[in-house]
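Structure first, commentary second.
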Amino acid sequence: MRPKTITDDALLAIARECFLSQGPSVSTAVIAARAGVSQATLFKRFGTKGDLLLRALGIEDVRPWLPRLEAGPDERPIRAQLHELAGVLVRFFDRALPSMMAFHAAGPRRHAHFLSEPGEESPPIRARRALTQWFEAGQASGRMGAFDADTMAVAFIGAVQAPALRRHLVEDDVDLDRYTDHFIEGFWGGVAP
């Protein structure tokens with residue numbers, strides 16, 4: 001038996017599961033039935049189906065790394081910081097990729113909202129810019145070698161997305177820790193002073 005009242009977090013978890021397993025076109029009737037509530041309850045708590053989709057698949061709670069990246073490298077060894085950053089991003093993309101795919105399937109308007117608020121730079125562009133500046137700061141301090149910072153930022157971001165793509169698109173059971181260790185070992189060889 002389902003409880004008479006269900007929290008917003010529990011409703012969002014059920015909606016997320018439905019959106020990820022059945023796609024963004026899953027009806028609110030299916031979501032409501034799964035949660036043991038009426039469609040009216042869903043709309044009262046979350047507004048439109050689009051708002052429910054945004055809340056259920058939103059990844060704001062797993063994006064704390066972006067402000068840290070924008071702050072630039074700290075005084076610790078650069079290699080250790082790159083390893084830490086790669087580990088955070090590998091796990092971020094592993095968690096976020098299913099949501100990103102569902103948002104993309106919902107259409108360009110929904111996908112655009114997921115990426116940024118109106119008038120704001122999208123998080124993927126912001127992350128690339130921040131990582132480029134991070135690398136430039138590492139170079140300016142003499143703790144990183146000479147390379148094109150923007151190109152390496154794109155390469156780094158692509159590499160930390162790769163395990164999530166392998167795991168979620170082709171069901172390849174990539175060991176995230178092992179991947180991170182070996183990726184940074186190779187990447188450091190290209191950026192070390």
Quick check on my filter: what residues within the range 36-60 are within 18 Å of Leu97 (Cβ to Cβ) and of a type in the set (Gly, Ala, Ser)? Ala56, Gly58
List the residue pairs whose Cβ atoms are under 7 Å apart, where the first residue sits in the range 135-150 and is more than 15 Å from Phe187 (Cβ to Cβ), the second is basic (Lys, Arg), and the two are 6 or more positions apart or on different chains. none
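Conditions (1) modelled with pLDDT under 85; (2) in contact with a Leu (Cβ under 8 Å, 6 or more places away or on another chain); (3) among the hydrophobic types (A, V, I, L, M, F, W, C); (4) not assigned by TED's automatic domain parsing to the domain that holds Tyr179, marked per residue:
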{"residue": "Thr48", "(1), (2), (3), (4)": "no, no, no, yes"}
{"residue": "Phe92", "(1), (2), (3), (4)": "no, no, yes, no"}
{"residue": "Arg95", "(1), (2), (3), (4)": "yes, no, no, no"}
{"residue": "Pro98", "(1), (2), (3), (4)": "yes, yes, no, no"}
{"residue": "Thr151", "(1), (2), (3), (4)": "no, no, no, no"}
Tally time: how many residues in the range 36-57 are closer than 25 Å to His104 by Cα and in a loop (DSSP other than H, G, I, E, B)? 2
So which residues in the range 134-154 are exposed (fewer than 15 other Cβ atoms within 10 Å of the Cβ) and under 20 Å from the mean Cα position of the chain (by Cα)? Val154
How many residues does the range 177-193 hold that are surrounded by fewer than 16 Cβ atoms within 10 Å (Cβ to Cβ) and within 15 Å of Phe93 (Cβ to Cβ)? 1
Just give me the residues in the range 2-16 being part of a helix (DSSP H, G or I) and at pLDDT below 90, in sequence order. Arg16
Please indicate, with yes or no, whether at least one residue in the range 21-35 is closer than 23 Å to Ala96 by Cβ, part of a helix (DSSP H, G or I) and either polar (S, T, N, Q) or at pLDDT below 90 (or both). yes
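The values are calculated or read from the model by the stated rules, or taken from the named source; none is laboratory data. All values derive from a computational prediction rather than experimental measurement. Note: ideal-geometry Cβ built from the backbone for every residue, glycine included; neighbour counts use all protein chains shown.
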